[in-house]
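Colleague: Handing you a structure now.
The values are calculated or read from the model by the stated rules, or taken from the named source; none is laboratory data. Since this is a predicted model, take the numbers as computed values, not measurements. Reconstructed Cβ throughout: ideal geometry from the backbone, glycine too, with neighbour counts over all protein chains shown. Keep in mind that these areas ignore ligands, DNA and RNA; they rest on the heavy atoms of the full protein, side chains included. Shrake-Rupley method; radii C 1.70, N 1.55, O 1.52, S 1.80 Å.
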Amino acid sequence: MTDNTSNTMWGGRFAAGPDAIMEAINASIGFDQRMAAQDIAGSRAHAAMLGATNILTDTDVEAIREGLLTVLSEIEGGDFKFSTALEDIHMNVESRLKEIIGEPAGRLHTGRSRNDQVATDFKLWVRDQFDAAEAGLLALIHALLGQAEAGADWVMPGFTHLQVAQPVTWGHHMMAYVEMFGRDLSRVRDARARMNTSPLGAAALAGTSFPIDRHMTAKALGFDAPAANSLDAVSDRDFALEFLSVASISAMHLSRFAEELVIWSSAQFRFVALSDRFSTGSSIMPQKKNPDAAELIRAKVGRIYGANTGLMMVMKGLPLTYSKDMQEDKEQVFDAADSWMLAMAAMEGMVKDMTANRESLAVAAASGFSTATDLADWLVRVLGMPFRDAHHVTGTLVGMAESKGCDLPDLSLDDMQSVHQHITADVFDVLGVQNSVNSRISYGGTAPAQVREQIKRWKEILA
């Protein structure tokens, strides 16, 4: 007996419907229902174009338009019943449309295929995510600018190899992340512009014999132009790969900052205090305040990287044009988008709420012989010593301070002159951490004046 309900989308080519296993592996409605709004937007644009080109009557177009709005209302209201037997969001919408308006629903698919339809829906969805990412990055950058402005002249240690290297300012450190997330913002905007061509009307792979107007549908959907090659239009998933690539780089930046916040909020550092809104306690240790939000941001990177690699593996061996493998593109992108958006929002919240401990930062800035480079620079600048010789003298003085259990500014002038007789008392002017940061006036340096210039520059960019 022929199953006449399960194979309706395939027509008369198949005598029997898929069994339960085939239905389970083939269906995508469990996840692609997230593209319902984009699918209906694409269908409305397509129907309007079919009417404008006299392929459909105005009566059919109006019925389709009203029916699609009803379907969208049902989906948004939670009243829509999704069917696995209908495979995907496209067939679910079309089937319900037919129940509502009857025969005109069958004419909506004129001049298009599910291949260009899904490519269009997915592009619209990813484009929306790029817009959301832009908003998230802008909010995070503004939060960082607020921290930088508040602590433009607060001294803290700068690190290499997680060892104290030279004093920097809190504002300078915050602005380093502004630069990172600023590059992410640039990548988001660049990738969004590159992806903004419409696949709709490419049909299955070769275009269509109907006199459709692809420029009209592209404009209606906010695309810059129709995709120029129908084969590429239905098989391209570069836009999803670029989204995952940009997300991966940005998530790496989020993770680096999250790692610093985990370290900085520890009892050993006490550089920052995270708000209760983004911390948790321990079930047995009442003194604990755990930076769980930062740790989870750090962990989200794994999911995003995995999605990026996973989709690369799906696409790498596919001949032109569409293959069912490409159904595996969406779940990974959906999950990565959710992880990225959540991580950005959590980081923005932590940055806005966190309090820097100015006193702890200053104490740490003065530790670990952090002004040794300033001493070497002074020997070169004032005494005319070759830098390699100055490096050696400074290293000897660091060793002396270490053996005495003190820092460089605590050595006496006699101690210093025992290593090099021409050192004068003026050297102590450069050994304070505030003097050190104030002297770093080169463009992009840590001097408070430079930090404020960079804050001003970014405010102008964002304005």
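Colleague: Quick check on my filter: what residues within region 318-337 are of a type outside the set (S, T, N, Q) and over 27 Å from the mean Cα position of the chain (by Cα)?
Modeller: Across region 318-337, the qualifying residues are L318, P319, L320, Y322, K324.
Colleague: I've got another one for you. Scan A132, A206, A152, A202 and give me the residue that is at pLDDT 95 or above, in a loop (DSSP other than H, G, I, E, B), open to solvent by 40 Å² or more (accessible area, probe 1.4 Å) and of a type in the set (A, V, I, L, M, F, W, C).
Modeller: A206
Colleague: Look through A376, A356, A401, A372 and report the one residue that is in the same structural domain as F271 (by the TED database), under 22 Å from P167 (Cα atoms) and open to solvent by less than 30 Å² (accessible area, probe 1.4 Å).
Modeller: Being in the same structural domain as F271 (by the TED database), under 22 Å from P167 (Cα atoms) and open to solvent by less than 30 Å² (accessible area, probe 1.4 Å) holds for just one of A376, A356, A401, A372, which is A356.
Colleague: Restricting to region 413-463, and then to whatever is open to solvent by 50 Å² or more (accessible area, probe 1.4 Å) and assigned to a loop (DSSP other than H, G, I, E, B), can you tell me which residue is nearest to I141 (Cα to Cα)? Give the steps one after another, and end with the answer.
Modeller: Just the residues of region 413-463 that are open to solvent by 50 Å² or more (accessible area, probe 1.4 Å), to begin with: 413-414, 417-418, 421-422, 424-426, 428-429, 434-435, 438-443, 449, 452-453, 456-457, 459-461, 463.
Now narrow it down to the ones that are assigned to a loop (DSSP other than H, G, I, E, B): 421-422, 424, 440-443, 463.
Numbers: Q421: 50, H422: 48, T424: 45, R440: 24, I441: 24, S442: 23, Y443: 21, A463: 12 Å.
Looking at residues that are open to solvent by 50 Å² or more (accessible area, probe 1.4 Å) and assigned to a loop (DSSP other than H, G, I, E, B), I get A463.
Colleague: In addition: Among (1) open to solvent by 10 Å² or more (accessible area, probe 1.4 Å); (2) within 24 Å of G317 (Cα to Cα); (3) in contact with a helix residue (DSSP H, G or I) (Cβ under 7 Å, 6 or more places away or on another chain); (4) part of a helix (DSSP H, G or I), there is one condition V234 misses while meeting the rest; what is its number?
Modeller: (1)
Colleague: Tell me the residue from A48, A105, A85, A63 that is at pLDDT below 95, buried (at least 17 other Cβ atoms within 10 Å of the Cβ) and in a helix (DSSP H, G or I), please.
Modeller: Among A48, A105, A85, A63, only A85 is at pLDDT below 95, buried (at least 17 other Cβ atoms within 10 Å of the Cβ) and in a helix (DSSP H, G or I).
Colleague: Does at least one position in region 308-319 carry a residue that is among the small types (G, A, S), assigned to a helix (DSSP H, G or I) and surrounded by 22 or more Cβ atoms within 10 Å (Cβ to Cβ)?
Modeller: So the first thing to find is which residues in region 308-319 are among the small types (G, A, S), and the list is 310, 317.
Retained after the next criterion (residues that are assigned to a helix (DSSP H, G or I)): 310.
Cutting the leftovers down to surrounded by 22 or more Cβ atoms within 10 Å (Cβ to Cβ) gives us none.
Scanning region 308-319, I find no residue that is among the small types (G, A, S), assigned to a helix (DSSP H, G or I) and surrounded by 22 or more Cβ atoms within 10 Å (Cβ to Cβ), so the answer is no.
Colleague: Looking only at region 403-425, which residues are touching a helix residue (DSSP H, G or I) at 6+ places or on another chain (Cβ under 7 Å) and either under 16 Å from V155 (Cα atoms) or at pLDDT 90 or above (or both)?
Modeller: L411, L413, D415, M416, V419, H420, H422, I423, A425
Colleague: When region 88-102 is examined, which residues are found to be open to solvent by 40 Å² or more (accessible area, probe 1.4 Å) and either without any contact (Cβ under 8 Å) to a residue 12 or more places away in the chain or part of a loop (DSSP other than H, G, I, E, B) (or both)?
Modeller: Selection gives K98, E99.
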